[in-house]
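Undergrad: Dumping the structure here so I can ask a few things about it.
Every number here is computed from the coordinates shown, using simple stated rules; none is lab data. This is a predicted model, so every value here is computed, not measured. Using ideal geometry, Cβ is built from the backbone for each residue, glycine included, and neighbour counts are taken over all protein chains shown.
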Amino acid sequence: MNVALDARMRFGVPRIALAAIVATAAFGSRAALAMLTVGPPSDTACQFHDLGLAVQAAAQSPGFDLIAVSGGPWASQVSIVDHDPDGLTIEGGFANCSAGLSSGRTTIDGSGAAPAGPLFVHSGNGPLTLRHLILQNAAGGIQSVVAGPLTLADVIVYSNHADYGGGLFVSGNDIFRPKLNLIGSSINSNSATVNGGGLYLNRVDVSITGGSNILGNTAQGGAGTSDGGGIYAIDSNILFNDHSVASIPTIGSNYAQRNGGGVYFSTTRAGSYEILLWNDLANAPLVVDHNAAQNQGGAFYLSSIASGQQIFSFAGLENVQMTNNESYEGAAFYAFSSGASASVGTLVQMAQSMPGDSIPACSHGIECNTIDDNHAIGGSVVQMSSAGDSGHSSFIFYRGRMRGNRGGALVGGNAYLDIDSSLVADNTIDGGGSLMYDVSGDLLVTNSTIANNLVGGGELFVVAIPPASLSILHSLLVQPSTAAVTGYDAGGGVGVTVRDIGAMNVGITGTNVQFLSDPFVNGGNGDYHIRDTSSAVDRWGASGDPNDVPPTLDLDGALRPYQHNSASTPYDFGCYEADAIVDPIFVDGFDD
C-alpha cells in the first residue's frame, strides 16, 4: 500500500551548519570529534566513497563522530553496521563534500544488495542519529538490538520488507530498555511477513514528535496470523507528542492481516506501560485514519495477559480524531485484559484537554476528540473485554463525538464503560444490537446527547448480569419517530440509576425524566446544539452526591451552567449548554 512521498512528506526538522554541530559536539565530548565526509568518486574533496567504510572508521575514532553524506542515490547498499561506543550521527542531503549545510535528503537504497539485509544494524552502546535520509527497498530499514539510543530526524523509511519490523526492528531485554526517537520522520509503505509492518518494538521506550507519521505499512504473511500493520509493540512505552501535518494522518492507511491495523500494543510482563497520543499544536490534532485489520482492532489492538503478576496498560489519547478505521470487531479499539491471581488492567481514555493542561486545548471550531465513520463488520466499534478472575478493561470517553459509525454495537463488552459530556449521533447498529452494551461491568452515560442513532435492537443500552450497573444521568435521549426505542434493558439484580433525562421517542422512567419536543437547532443536518427556547434548557441542578459532580464545561468548551430561567436547575440536558460562553482558551488555543 504505497503512499506518495512527495505529497505527504513535509517536515520541520531544522538544518544546522556542520560547523555548529562540530562545535557543539566537541564542547561536550571527552575526546576530539571526528568529522568524515562521504560522496561519489567524482568528488575529490570526499574522504570516503563508501558509507560502510566511513562508519567503520568512525568506530575506531574515540568520541562523537559525524558523517556528512552527499551524492546518491546509494544503490545496492549492503548492511552498514554501527558499533560505535561513543556516538555517531549520519547526516545526508549535502550537495557535495565541501558544502557546509544540508539542503535535501540522501537516498540509501538496498535493492539488489548481496547479501540482503537491513540498511543499518545498530549494535553499539553509543547513540546513533540519522538525519535527512531516505532509507528504502531493503530487507528491513534499521535493526537495533540492545543498543544505545536511536534517533531519526527528517528520515523517510520507505518500502522495506522483513519478517519482523519491515521499517524498524528495535529490541531490548529485561535489563536494558533501548530508546527510540522519531523527529519529523515517516515510516512509510513498509511490510512484514509476520509482525510489525512499520515498527517492531520489544521493551523499548519511544518518543515521536515533529510531525512524524506511520503510513501505509502492512503486516501480512502466508500463515494469516500477522499483527501490527503500523506498529507492533510488546512491553513498550510510546509517546506521540505531535501534530498531523496538513491533511496527512499521524497513523494512517496501515493494514494487519489479523489484529491491530494501526497499532498492536501487547503487555505480558509485570509493570505499567502506556501508549499516549497528545497534540502539541492547538490547531493540529492527531489523526488516526483508514487503518484496517482483518479480525480485531482496525486502529488499535491492546492486549494485557498475565498470571500471578500485576500489569497496568494505559492508552491515553487527547485531542485525537479517529476516523474511517475498519475491522471485524473493535474498528476503533479492541482491548482485552486477562488476569489470574493478580490484577491485570487495560484503560483506554479519549478526551479533550482542559484549560491549564500541558496539552494545548484545540482552537474553537476544531473537533478534536472524535470517533467518526468507523466500521466494525461484526462486533462493536469500541470493543472492551475482560477475562480471568483479575482481568479488567475500561473505556472512558470525555467531551468527544461519536458519529457516523457502523457495527454490531457502538461500544460494548465486559468492562467499565464511561461516556461523559459527549455527542453520540447518527450511528448505525446492524442486526439486533443495542447502541451500547455491557455484560457484567458498569455502564455510565453522563451529561451526554444521544441522538438519531439507527438501532437494530429495541433499546439504546443493555446491561446483562450482576455485578453490573447502569447509570444514565443528565443526558438527552432523542430518536426520530420512525425509530423509537426503549431507553434500556437491564438483567435481574443489575443496579439502575436514571436521573435528569430529557427524552424524545425514547421510553424511559426515572427521577426527573421529561419528555420533550424537538430540542435541537438543526438535528436533521447534524447540529445538535440545543435551542435557547427548547424545553431542554434549565432542567436540572446539582444533586449533592459526591459521586455526581456537575460539569464545568460543555462539549464546545463553553462554561456550565448558563442560567436562563431557574437558579435551582440551571443546567441543560445533554452535552451542550445553550447560549453559554466559550472559555477563551478554546478560541485560539491559548489562555488569554
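Undergrad: How much net charge surrounds THR323 when only other residues with a Cβ under 15 Å from its Cβ are counted (Lys, Arg +1; Asp, Glu -1)?
TA: So the surrounding residues net to -3.
Undergrad: Here's a follow-up. For each of ARG401, ARG269, count neighbouring Cβ atoms within 10 Å of the residue's Cβ, then give the residues from fewest to most.
TA: By the 10 Å Cβ count, ascending, the order reads ARG269, ARG401.
Undergrad: Now a separate question. Go through 480-492, 133-145 and give me the packing order, highest mean Cβ count within 10 Å leading.
TA: Ranking, from highest mean packing down: 133-145, 480-492.
Undergrad: Just how far, in whole angstrom, is segment 483-518 from segment 176-227 if you go by their alpha carbon centroids?
TA: Between the Cα centres of segment 176-227 and segment 483-518 lies a distance of 46 Å.
Undergrad: Expressed in nm to one decimal, what extension gain is obtained for the pair ALA114 and ALA542 from 0.36 nm per residue of sequence separation less their Cα-Cα distance?
TA: Here the segment from ALA114 to ALA542 would lengthen by 146.8 nm.
Undergrad: Label points 7 Å out from Cα along the Cβ direction at VAL145 and SER307: separation in nm?
TA: About 2.9 nm separates the two model spin labels.
Undergrad: With no other cysteine's Cβ closer than 4.7 Å, which Cys residues of the chain count as lacking a disulfide-compatible partner?
TA: Here CYS575 come out as lacking a disulfide-compatible partner, given the Cβ-Cβ threshold of under 4.7 Å.
Undergrad: Quick one: net charge of GLN296's neighbours, Cβ under 13 Å, K/R +1, D/E -1?
TA: Net local charge, GLN296 excluded: -2.
Undergrad: Can you put MET402, MET354, MET504 in order of Cβ neighbours within 10 angstrom, beginning with the fewest?
TA: MET354, MET504, MET402
Undergrad: To make sure I understand, if each residue's beta carbon is the centre and we count other beta carbons within 10 Å, what order do THR511, THR209, THR446, THR267 fall in, fewest to most?
TA: Ascending Cβ contact count within 10 Å gives the list THR511, THR209, THR446, THR267.
Undergrad: Right, here's the next one. Near SER475, within a Cβ-to-Cβ distance under 12 Å, what is the net charge of the other residues, with Lys and Arg +1 and Asp and Glu -1?
TA: -1
Undergrad: Separate question: Expressed in nm to one decimal, what extension gain is obtained for the pair SER566 and ASN505 from 0.36 nm per residue of sequence separation less their Cα-Cα distance?
TA: Here the segment from SER566 to ASN505 would lengthen by 19.4 nm.
Undergrad: Two decimals is fine: what is log10 I(q)/I(0) at q = 0.12, 0.16 Å⁻¹ for segment 1-258, from a Debye sum with one equal scatterer on every Cα and no solvent?
TA: -0.65, -1.18
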